[in-house]
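What follows is a set of notes on a single structure, which appears directly below.
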Amino acid sequence: MSHKISCSHCHLEFDPSVMIKDEEYYFCCSGCQSVFHLLCDEKLDSFYEKSKNITLSPPSKNFEDSSSFDTPSFYNKFVKVNSDGFCEVSLIIEGIHCSACVWLNEKALHKMDGVIEANINFTNNKATIVWADDIVKLSAIIDMIRSIGYNAFAYDSSAQEIHANRERKAYYLKMAVAIFASMNIMWIAVAQYAGYFSGITQDVKTILNIAEGVLATPVLFYSGWVFFRGAYYGLRAKVINMDLLVATGATLTYFYSLYITILGRGEAYFDSVSMIVTFVLIGKFLEVLSKKSAADVLDKITKNIPTDVKIIKQNSIVICKLDDIIVGDIVVVSSGERVLLDGEIVRGSGSFDESSLTGESEPVYKSVGMNVISGTASIDADIHFRVIKDFKHSTLSNIVTLLESAINKKPKIQLMANRLSEHFSTVILTLSFITFIVWWIWSNSFETSFMVAISVIIIACPCALALATPVATLVGLGLGASRGILFKEAAGLESMAKADTLVLDKTGTITVGKPEVISENIYKNFDRRLLYSLVKSSNHPVAKGVAKYIKEQDEKIDEIVFDEYMQIPAKGIRAKYKNEEFLGGNLKLLQENSLQVEVSTKETSFYFVVNNEVVAMYELRDKIKNNISELMENMLQNNIDVVLLSGDHENITKKVALEVGIKNFMFEQTPQDKAKYIEKLHKEGKKVVMVGDGVNDILALALADIAIAMGGGSDIAVEVGDVVLLDDSLKSLSDAFKISRTTFGLIKQNLFISLAYNALTIPLAMAGYVIPLFAAISMSLSSLLVVGNSMRIRHKWMRS
Amino acid sequence: MDNWVIAMMLGVSIFLGAIALFAFLWAVKNGQFDDEEKFLNAVKFDGENELNDALKQEEKKESLKRKYKPE
């Protein structure tokens, strides 16, 4: 019977014969069954109505003991006590598929005595739980989450992350107020300007002024508070910044307008006050939004390190906390697991993936007496090893510490707009002060001279200047995103445009990282299916390359099931089928079986042997990606030095470097070597762009001015990267350079436009020719010019 | 008279707008927009039961708070 039934809990489909039947319900496992009954008992079964037919993962049964959540050391690290005296913890909930899952978790937790608040974020699966510790223990809360089919991990929500979220929220509130008030002021201003032309009585004008004043007050003192604060901190550091210009300009204009309103004559400028604050606030918000926090990166990395290790104690395997392992303990590692400590193998053998240290995907074979290094992973090895360093001193923990310091040491290139605005603010404030003095001496009227001085500040008020950089970077980010290039931080565009050195990793960055067959030599005819089935089941990159080649030759090739099949570590594969013996592997395998081959090749080779006779030989090479010449040309034109850093051996590195035309290359580089090389470049005053894909590149990536990660690379590299190339191609890399240079050019253009505009209008304002209408139009016009110019560039790029 | 009408209209409309603004600010502060997905899906899970549960939760929180701070 092929008819399948879906499980009543997880909705995965199975044959009815293997399922548990329970009244009219079917379950795939007892885990699903117990969750289902629990939800029904707790009257939470409307969950199934809400989640519709979304498939869930069946609940796992083997959890570590939840009592470890109640230990004082756990409380010290993760649990905070809030102002009401309740406990608070941040968790990551695993297994959330849909909004109904969020609903279920929150409901189930709310039903528990003592739980005060459970708030789960659907987007990032992070949860905040508040509870009264004397009524319910955290372990009970965790047990509840597990019993309904989910799992929870504690995470240390760092102070920086909380701070970043709070800052963003504060900006939302301030912007909401500013935009609301500005939009209303604009309506009232329409009446004002209409009145200016067609005539308006002073009474009505005063009423409109009062309404505008009421609306402008919260904009200046609530939304504009960031500028006062920024100006204060700037002054304390003895820097005149843009905040000071905005704050003084807006405040002086506000009080002047207030004076005009009370006096009942002249023009009030409340609309300018709120417009300036709103525009500059939006510009500032765009900058805050595009900043990434280093804290997030570290969170992700440390989360990936498991905290438990299996060790042997009194002849049985026990699970132990990573921090409690001491030198001399015997640790058990099974195939597929990660090695978390450094040690010496005492039992077993097998191959290890050391790509996190060398960047090379070729497995390394290890046996008794050899050292295993933390951070590597076992591919097919089941071993016992004796710990020679505790976790704090292990290679893995060393790398994490180095990474932490590298992220903090990352150079910050001061943005051009910030530097410019310092000078600009100083000049404008001085000019307006001079204007005031000169006019006072000239006209002897305080009111006139004060008004003229203020009009200088209003005209100069850096709406356009504040928008110049954010708008241009938004255009750059958009252009990148549409081409699969993600700039994580807006400032990255400018830093990248200024770079003068490009450091490349070899495997996975300029080469594909997977060997491909370049020639096939057949000595005797054989059944292709046999070879295909032989290499298909192996994880070795060479075998995968051969399998891919055969599949390309014959799309419909099918597999044979061998009677016997075994992998010979570091040599190849041996299999038996109908009394015939097959061997597939490298030269070493042939030598071991005392077979002779005459052809010698410089490339990686793979031999296929049937009944002790070599029937075919394949040459494989790790191909260099397309568009490398275009990239090199692009770099040459822009005087960017290119350096190749590889963890590979000298000959291979040299060959690749010669082929692509890189003169400067280094080989056999450890992660630390790469990082040191970047530091050396920094000392020489270079601005470095580093491109990499592997765990072995992360230290260097973290240190570089701009880190570019290949999207197909390791998660950690993507996390550390400032720029991610989603399609891994070198074309994207040269596009990224082009986009960053275009954007930087655009920033310069925009700044030039706003400065030129000011140079034109400020003399007019100083001469006292500026009427309110002109001031208002001029302000919007300069902003429009900047935005329009950015759109022009975007349009040009989009068409090409 | 005309002036009085203008002033009143302005005052009333700004006041009404301000009420909406404060409701929005309250919602932002309350974290109702923190998670855009959840915020959009919340409509689907709205009903009498949900309101009752929310009230019960609120009462539980208050009673616990009182217990912790007897003064």
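The values are calculated or read from the model by the stated rules, or taken from the named source; none is laboratory data. Bear in mind that the values here come from a model prediction, so they are computed numbers and not experimental data. Every residue, glycine as well, gets a Cβ built from its backbone with ideal geometry; the counts of neighbours run over all protein chains shown.
Do you know which residues across segment A:99-112 are in contact with a strand residue (DSSP E or B) (Cβ under 7 Å, 6 or more places away or on another chain) and either more than 7 Å from chain B (Cβ to nearest Cβ) or polar (S, T, N, Q) (or both)?
Within segment A:99-112, A:105, A:106, A:109 qualify.
Name the helices (runs of 4 or more DSSP H) wholly within segment B:1-68 that hold at least 1 residues that are in contact with a strand residue (DSSP E or B) (Cβ under 7 Å, 6 or more places away or on another chain) and not polar (S, T, N, Q)?
Working: elements: B:2-29, B:36-41, B:48-68.
Filter on segment B:1-68 gives B:48-68.
From (1) more than 8 Å from every other protein chain (Cβ to nearest Cβ); (2) at pLDDT 90 or above, pick out the condition that doesn't hold for residue B:21.
Failed condition: (1).
Could you check how many residues of segment A:736-767 are over 30 Å from residue A:690 (Cα atoms) and of a type outside the set (Val, Ile, Thr)?
So the count comes out to 13.
For segment A:160-172, what are the residues that are within 9 Å of chain B (Cβ to nearest Cβ) and touching a helix residue (DSSP H, G or I) at 6+ places or on another chain (Cβ under 6 Å)?
Result: A:172, single match.
Would you confirm, using the coordinates I've provided, whether residue A:664 is over 14 Å from residue A:496 (Cα atoms), surrounded by fewer than 23 Cβ atoms within 10 Å (Cβ to Cβ) and either of a type in the set (S, T, N, Q) or in contact with a helix residue (DSSP H, G or I) (Cβ under 9 Å, 6 or more places away or on another chain) (or both)?
Details: over 14 Å from residue A:496 (Cα atoms): yes; surrounded by fewer than 23 Cβ atoms within 10 Å (Cβ to Cβ): yes; either of a type in the set (S, T, N, Q) or in contact with a helix residue (DSSP H, G or I) (Cβ under 9 Å, 6 or more places away or on another chain) (or both): yes.
So residue A:664 fits the description; yes.
I need a count of the residues in segment B:28-55 that are surrounded by 13 or more Cβ atoms within 10 Å (Cβ to Cβ) and more than 10 Å from chain A (Cβ to nearest Cβ).
1
Taking residue A:575, is it in contact (Cβ under 8 Å) with a residue 24 or more places away in the chain and among the small types (Gly, Ala, Ser)?
The answer is yes for residue A:575.
Please give the strands (runs of 3 or more DSSP E) falling wholly within segment A:665-759 in which 3 or more residues are farther than 30 Å from residue A:787 by Cα. Steps first, answer last, please.
Details: elements: A:688-692, A:706-710, A:723-725.
Correct list: A:688-692.
Being facing chain B (nearest Cβ under 10 Å) and surrounded by fewer than 19 Cβ atoms within 10 Å (Cβ to Cβ) is the filter here; which residues of segment A:189-206 pass it?
Answer for segment A:189-206, where residues must be facing chain B (nearest Cβ under 10 Å) and surrounded by fewer than 19 Cβ atoms within 10 Å (Cβ to Cβ): A:191, A:201, A:203, A:204.
For residue A:616, are the conditions met, namely being part of a strand (DSSP E or B), of a type in the set (A, V, I, L, M) and in contact with a helix residue (DSSP H, G or I) (Cβ under 8 Å, 6 or more places away or on another chain)? Let's see the steps before the verdict.
Numbers: part of a strand (DSSP E or B): yes; of a type in the set (A, V, I, L, M): yes; in contact with a helix residue (DSSP H, G or I) (Cβ under 8 Å, 6 or more places away or on another chain): yes.
The answer is yes for residue A:616.
Any residue in segment A:163-174 that's farther than 17 Å from residue B:36 by Cα: show its pairings with residues that are among the polar types (S, T, N, Q) and not in a helix (DSSP H, G or I) at Cβ separation under 8 Å, as long as the two are six or more apart or on different chains.
A:164/A:293
Looking only at segment A:113-143, how many residues end up being within 10 Å of chain B (Cβ to nearest Cβ) and either within 28 Å of the chain's Cα centre (by Cα) or within 16 Å of residue A:39 (Cβ to Cβ) (or both)?
Count: 9.
Please determine whether any residue of segment A:309-331 is modelled with pLDDT of 80 or more, closer than 20 Å to residue A:567 by Cα and part of a loop (DSSP other than H, G, I, E, B).
Within segment A:309-331, not a single residue is modelled with pLDDT of 80 or more, closer than 20 Å to residue A:567 by Cα and part of a loop (DSSP other than H, G, I, E, B).
Which is outside the structural domain of residue A:278 (by TED's automatic domain parsing) and surrounded by fewer than 18 Cβ atoms within 10 Å (Cβ to Cβ), of A:137, A:107?
Testing whether each residue is outside the structural domain of residue A:278 (by TED's automatic domain parsing) and surrounded by fewer than 18 Cβ atoms within 10 Å (Cβ to Cβ) leaves just A:137.
In the list A:588, A:544, which residue meets the criterion of being part of a helix (DSSP H, G or I) and at pLDDT below 80?
Values: A:544 fails: at pLDDT below 80.
Every option except A:588 fails the conditions.
Every residue in segment A:224-243 that is among the hydrophobic types (A, V, I, L, M, F, W, C) and modelled with pLDDT of 85 or more, please.
If the condition is that a residue be among the hydrophobic types (A, V, I, L, M, F, W, C) and modelled with pLDDT of 85 or more, then A:225, A:226, A:227, A:228, A:231, A:235 are the ones that fit.
So, of the residues in segment B:57-66 that are facing chain A (nearest Cβ under 8 Å) and basic (Lys, Arg), which turns out to be nearest to residue A:130 (Cα to Cα)?
Looking at the filtered set, the residue picked out is B:61.
Filter segment A:438-475 down to residues that are within 17 Å of residue A:241 (Cα to Cα) and hydrophobic (A, V, I, L, M, F, W, C), then give me how many there are.
So the answer is 10.
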